[in-house]
Amino acid sequence: MIASILQFIIDAIDTLGYVGIFILMAIESSIIPLPSEVVMIPAGYLVYQGKMDMSLVILSGTLGSLAGALINYYIALKFGRLIVLKYGKYFLMKESTLLKTEGFFMRHGPISTFIGRLLPLIRHYISLPAGLAKMKLWKFCLYTLLGALVWVAVLSYFGYYLGNTLGDAQSLNEIAGAFMGSNKDATQLDIKSQAKNIMLIIVAVVIIIGIVYSIISKFKKNK
């Protein structure tokens, strides 16, 4: 099953090129659990091989992320409140929780959207509370684009870095397989370990951004 999914992703990038990246990242940016690592890192590797252009890879990946995020945003905007009020009790989601979420996004929506796009797992769902809170569309698009741009660029350049490190001997399946499935060879384990270190750095930067934002917000509030 995992091998079939990987092959589908690789074939989509190889056959459809930038359009394939756009579609896959739109899927990834929704609630469907498709790791962006298996899309953008192989794409960056193709840039190293001279088969794709880095600026177009990043552009297509970023716009795809926005497209998927907008789907979630509009679902939450149009149907979110109804779904939460009707079925939220089965998932420990009360109306009071919904109101708190909306209030939080009214105050801190932009920074939450930007940071959320940089965090694994959270990035898949951050569009939902933004839609529930009726965050202004232009703000949602702007901060989603900024966050997605950073995330996509980091993964793409990591793929390019792998090309410089590993050379042309590796296949796209080998690289993508480092992030899906359980049976991994030494090269895949090393790739995943390096990617994990990058993610830890991103999380650390996000924490610093959050702390600075909190300090500035409190200062403005007291002032």
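The values are calculated or read from the model by the stated rules, or taken from the named source; none is laboratory data. Treat the numbers as computed from the prediction; the structure is a model and nothing was measured. Areas reflect the complete protein model, heavy atoms only, side chains present, ligands, DNA and RNA absent. Shrake-Rupley method; radii C 1.70, N 1.55, O 1.52, S 1.80 Å.
When nucleic acids and ligands are ignored and a 1.4 Å probe is applied, Thr165 ends up with an accessible area of around 80 Å².
Evaluated on segment 157-223, the Kirkwood hydrodynamic radius is 14.4 Å, with distances taken between all distinct Cα atoms.
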